[in-house]
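In what follows, a structure is listed as structure tokens, so that the remarks can point back to it.
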2 protein chains.
Amino acid sequence: MPETPTRQLRLNAFLHDTGHHEASWRHPDSAVEHIADIAWYQDIARRVEAAKLDAVFLADSPAWYGTGYRPSNQFEPITLLTALATVTERIGLISTASTSFYEPFNLARLFASLDTISGGRAGWNVVTTYNEDAAHNFGLDGVPGNEERYARAQEFLDVVTRLWDSWEDDAVVADRASGDYVDTSKVHRIDHAGRYLKVRGPFSSPRTPQGRPVYVQAGSSNAGRAFAARNAEAIFTAHQTLGDAQAFYDDIKSRAVSLGRDPGHVLVLPGISPFIADTATQAEELYQYVNGLTVPEFGLGQLEKIAGTSLHHLELDERVPAELFGGAGNVLDNQRSRTQVVANIVERDRPTLRELLHRLAGGRGHNVVHGTPVQVADVIQTWFENRAADGFNIMPPLYPQLLDAFTEKVVPILQDRGLFRTEYTGSTLREHYGLPRPASGYAGSWPLSADLPLAGAR
Amino acid sequence: MPETPTRQLRLNAFLHDTGHHEASWRHPDSAVEHIADIAWYQDIARRVEAAKLDAVFLADSPAWYGTGYRPSNQFEPITLLTALATVTERIGLISTASTSFYEPFNLARLFASLDTISGGRAGWNVVTTYNEDAAHNFGLDGVPGNEERYARAQEFLDVVTRLWDSWEDDAVVADRASGDYVDTSKVHRIDHAGRYLKVRGPFSSPRTPQGRPVYVQAGSSNAGRAFAARNAEAIFTAHQTLGDAQAFYDDIKSRAVSLGRDPGHVLVLPGISPFIADTATQAEELYQYVNGLTVPEFGLGQLEKIAGTSLHHLELDERVPAELFGGAGNVLDNQRSRTQVVANIVERDRPTLRELLHRLAGGRGHNVVHGTPVQVADVIQTWFENRAADGFNIMPPLYPQLLDAFTEKVVPILQDRGLFRTEYTGSTLREHYGLPRPASGYAGSWPLSADLPLAGAR
């Protein structure tokens, strides 16, 4: 056995019903008949674990997509991950959840419960949600601005951190003889009264295996990067080119260092959506075949949300005018980071509208690649070794077929090259990611450490 | 095989860590070391299912108990039930959740997901929560009054009902050829803007196996009974005597009939906490032994919350003055229904303080019995046949030992007497309870039917 190299790839499988390609469900071999069947997801989770990946990842927005052309979410993500936790032993379980639409005490309980049920495998992808449809489901007439959403997010994260820390690790004594179950001196009110939230605590249950779930973040706006550099332990991000990804990677690591954090504890994980086949030609044919299943009306609607303007005057085979996405004035600040990705594609590659729709159909702005297993492994290695990524959120275009192609054909290459584990060495997500288990801030003093400063620490 | 009688007992197992007796965790054979271990709960759920019981039931309040003398909750209940769903196939899964402290869209998603994951076994025990400690965890300085809590509860229930109904049962078409996944004419906004809540919808996912989870309710105040008679399909209630239970049963059924509902679709399920042994003497010895493990300081604290006054001036072996619980002015309206149970005990039985603490230690006001399997079966049959109960929420004082005693020794007697199923005949909780699956109100018109009127129906 070769010595384990210091730096190892982190690989998540980003679950998304029949696959990340918007037309995947129309593929003749798609599992669209099974996406309300929990056993189907459990089977996928077992495959991810058999391949020794770090985690499964779920996106979320508390609203219907509002279109008839795609499957809706079938499950609430934390309950879905709970069901996956019971049939797996090692893989991490990362769910997106919004700081804008949850009561912090409720969300803290859900993640704590998932962490306990799974034996320390929970991760929370902290998002602020810029979906207007979601806002309307929570008593709001629209989403607040980017800066305000992140201000609430920081306060929310500080509150749930304190709740998770409010029971010190050794608070439970369970002494039958004396009748003392809890040492109440080690259970703390948090007594938070801030700009957005008022929460007294203490938390309803003891500290969980990981202390806190792994903090993940996925925003790329300026406020999002600042939030990530301060709080995130892993960052899920979308880049089309090595250069863009390197710039982002460098920016995030620099920001983290300037806040006194260990940059190795801030993992950058771009999305990648690989069409894999034995030959490059077959891979491209598969890519084109699935693109051919798209409904242009659907893609156009999605693109108009990103552009912030109607695009129905454009012909499908007409080149997209660069100025449509170039200006910043015509899009909501909320959507600017995704708009920037599209603007870069349009400016660099000058696609037709049809080509642009196909580019976005696979990964909604994430990097869609097609090639042989070696070619896909080469992309991953190149990004990993050139400070563009610490690992990847793998977004199979078609589940489970293109997950299997990745795990059965690409992962062994990465293992042979010494870039990825052949066995799990830990049992928690923190251990897989090489992250420390945080002590309770109440066992020491706030801020706990320079590595995870808390904005509200006094 | 005998013909199945028309009316059958409904039996739930009310889970509660080491047991319902407050001192159960101190028993030498208690499972206190295992209560954070999901496998331990999964094992209990399998036993409940093997005995063909209708459901497991979980209480909940989003706060720490605030005492060092009892185990705290280890899990958030909906995630816990999700983990139990994955290792069982038939038992219903009922969780308590508060209408005061949840956003309706979030709670609707959690229960819908549980119903889908479990194949139609979810039940929601709708409570308004009068726990002051919980209110402080949700930005409030105290709990609102009883009437206001129930007004919000009614609006909340109407909102989530409409969300669950907002996808008609046949909305998903999944037609690969046309690219139509959803018939959007069958997915409806709810456009609710009421006194407490504003929710647009539609819901985020298709309709679930049961359409809606079974609606359970557990309040006994006047507002609680009115709410139950209007909305509940099963009612969990606390009574110490056959007479009290009969009066409640008659009141609820009469109220339901006067609202045009089928009284057979409003099941009344008192709690019962049985100490079971082969002889009556052994059963009483076990009861006394576990009572001897109580910490009087803990019980006194609980009793003071019910009394709404300090009791520290009383000696443990002094008779409790009847007037302490007789008046209504000295307790919060919120707590009156539980106070009434205690007042009845004090007035009828004139216990000493120690005796009263022991009476309450087992079931917090629920009916604690001790006896042989035949004696326990006799109590159940008597209540069932004399219009005091349609079934019971079984509250084993010590888990799993006294669950096993019930399932292995009492259940067979009830089966021999033709009162309880020997095999499941359905697969959903609605089928176990003999309740209809509601059609979506959007497929017809509101109110859906006289059987489940909606307050906000227009």
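The values are calculated or read from the model by the stated rules, or taken from the named source; none is laboratory data. Computed from a predicted structure; not experimentally measured. Counting neighbours? That spans all protein chains shown, and the Cβs are built from the backbone with ideal geometry, glycine included.
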Per-region count, the stretch A:55-89, residues under 16 Å from the mean Cα position of the chain (by Cα) and of a type in the set (A, V, I, L, M): 7
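Results for (1) hydroxyl-bearing (Ser, Thr, Tyr); (2) surrounded by fewer than 24 Cβ atoms within 10 Å (Cβ to Cβ); (3) within 28 Å of A:ILE44 (Cβ to Cβ), shown as yes or no for each residue.
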{"residue": "A:THR86", "(1), (2), (3)": "yes, yes, yes"}
{"residue": "A:ILE91", "(1), (2), (3)": "no, no, yes"}
{"residue": "A:ASP158", "(1), (2), (3)": "no, yes, no"}
{"residue": "A:TYR181", "(1), (2), (3)": "yes, no, no"}
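Looking only at the stretch B:186-205, filter to residues that are aliphatic (A, V, I, L, M) and closer than 13 Å to B:TYR442 by Cα; which one of those is farthest from the other protein chains (Cβ to nearest Cβ)?
At the first step, the residues of the stretch B:186-205 found to be aliphatic (A, V, I, L, M) are B:187, B:190, B:193, B:197, B:199.
Filter once more, keeping what is closer than 13 Å to B:TYR442 by Cα: B:187, B:190.
Working: B:VAL187: 7, B:ILE190: 9 Å.
Per the stated criteria, the residue is B:ILE190.
For every residue, the table says whether it meets (1) within 14 Å of another protein chain (Cβ to nearest Cβ); (2) of a type in the set (A, V, I, L, M, F, W, C); (3) touching a Lys or Arg at 6+ places or on another chain (Cβ under 9 Å); (4) free of Cβ contacts under 8 Å to residues at least 60 places away in the same chain.
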{"residue": "B:HIS20", "(1), (2), (3), (4)": "no, no, yes, no"}
{"residue": "B:ASP29", "(1), (2), (3), (4)": "yes, no, no, no"}
{"residue": "B:VAL32", "(1), (2), (3), (4)": "yes, yes, yes, yes"}
{"residue": "B:ILE35", "(1), (2), (3), (4)": "yes, yes, no, yes"}
{"residue": "B:TRP64", "(1), (2), (3), (4)": "yes, yes, no, no"}
{"residue": "B:THR67", "(1), (2), (3), (4)": "yes, no, no, no"}
{"residue": "B:PHE75", "(1), (2), (3), (4)": "yes, yes, yes, yes"}
{"residue": "B:ARG90", "(1), (2), (3), (4)": "no, no, yes, no"}
Conditions (1) touching a Pro at 6+ places or on another chain (Cβ under 6 Å); (2) within 9 Å of chain A (Cβ to nearest Cβ): number failed by B:THR82: (1)
Top-ranked residue of the stretch A:117-158 - restricted to ones that are among the hydrophobic types (A, V, I, L, M, F, W, C) and within 18 Å of the chain's Cα centre (by Cα), ranked as farthest from A:ALA223 (Cα to Cα): A:ALA122
B:LEU163 being closer than 16 Å to A:GLN74 by Cα, under 22 Å from the mean Cα position of the chain (by Cα) and at the interface with chain A (Cβ under 9 Å from one of its Cβ atoms): no
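What helices (runs of 4 or more DSSP H), lying completely within the stretch A:214-305, carry at least 1 residues that are more than 20 Å from A:ASN344 (Cα to Cα), within 14 Å of another protein chain (Cβ to nearest Cβ) and not aromatic (Phe, Trp, Tyr)?
Numbers: elements: A:222-231, A:242-258, A:280-291.
The helices (runs of 4 or more DSSP H) meeting that bar are A:280-291.
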Top-ranked residue of the stretch A:65-84 - restricted to ones that are modelled with pLDDT of 95 or more and part of a loop (DSSP other than H, G, I, E, B), ranked as surrounded by the most Cβ atoms within 10 Å (Cβ to Cβ): A:GLU76
Residue in the stretch A:168-179 that is farther than 30 Å from B:PHE298 by Cα, modelled with pLDDT of 95 or more and surrounded by 23 or more Cβ atoms within 10 Å (Cβ to Cβ) present: no
Output for the stretch B:280-316, where each listed residue is surrounded by 13 or more Cβ atoms within 10 Å (Cβ to Cβ), of a type in the set (Ser, Thr, Tyr) and under 23 Å from A:ASP180 (Cβ atoms): B:THR294
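Collect the residues in the stretch A:18-36 that are in a loop (DSSP other than H, G, I, E, B) and touching a helix residue (DSSP H, G or I) at 6+ places or on another chain (Cβ under 9 Å), keeping them in residue-number order.
Once the filter is applied, which keeps residues that are in a loop (DSSP other than H, G, I, E, B) and touching a helix residue (DSSP H, G or I) at 6+ places or on another chain (Cβ under 9 Å), the stretch A:18-36 yields A:THR18, A:GLY19, A:HIS20, A:HIS21, A:GLU22, A:ALA23, A:HIS27, A:ASP29, A:SER30, A:ALA31, A:ILE35, A:ALA36.
Among the residues of the stretch A:4-17, are any over 25 Å from A:GLU304 (Cβ atoms), more than 18 Å from the chain's Cα centre (by Cα), of a type outside the set (A, V, I, L, M, F, W, C) and not in a loop (DSSP other than H, G, I, E, B)?
Of the residues in the stretch A:4-17, the ones over 25 Å from A:GLU304 (Cβ atoms) are A:4-13, A:15.
Then keep just the ones that are more than 18 Å from the chain's Cα centre (by Cα); that gives A:4-8.
From the residues that got through so far, the ones that are of a type outside the set (A, V, I, L, M, F, W, C) too are A:4-8.
When the remaining residues are screened for being not in a loop (DSSP other than H, G, I, E, B), the result is none.
Taking every residue of the stretch A:4-17 in turn, none turns out to be over 25 Å from A:GLU304 (Cβ atoms), more than 18 Å from the chain's Cα centre (by Cα), of a type outside the set (A, V, I, L, M, F, W, C) and not in a loop (DSSP other than H, G, I, E, B).
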Residues (surrounded by fewer than 23 Cβ atoms within 10 Å (Cβ to Cβ) and within 11 Å of another protein chain (Cβ to nearest Cβ)) located in the stretch A:37-46: A:ASP37, A:ALA39, A:GLN42
Residue, farthest from the chain's Cα centre (by Cα), within the stretch A:166-219, restricted to residues that are closer than 15 Å to A:ARG437 by Cβ and among the aromatic types (Phe, Trp, Tyr): A:TRP167
Scope the stretch B:335-364; condition surrounded by fewer than 22 Cβ atoms within 10 Å (Cβ to Cβ) and small (Gly, Ala, Ser); matching residues: B:SER337, B:ALA343
Top-ranked residue of the stretch B:353-393 - restricted to ones that are in contact with a Leu (Cβ under 8 Å, 6 or more places away or on another chain) and at pLDDT below 95, ranked as farthest from B:ASP404 (Cα to Cα): B:LEU353
Among the candidates A:PHE57, A:PHE105, residue that is away from every other protein chain (no Cβ under 13 Å) and aromatic (Phe, Trp, Tyr): A:PHE57
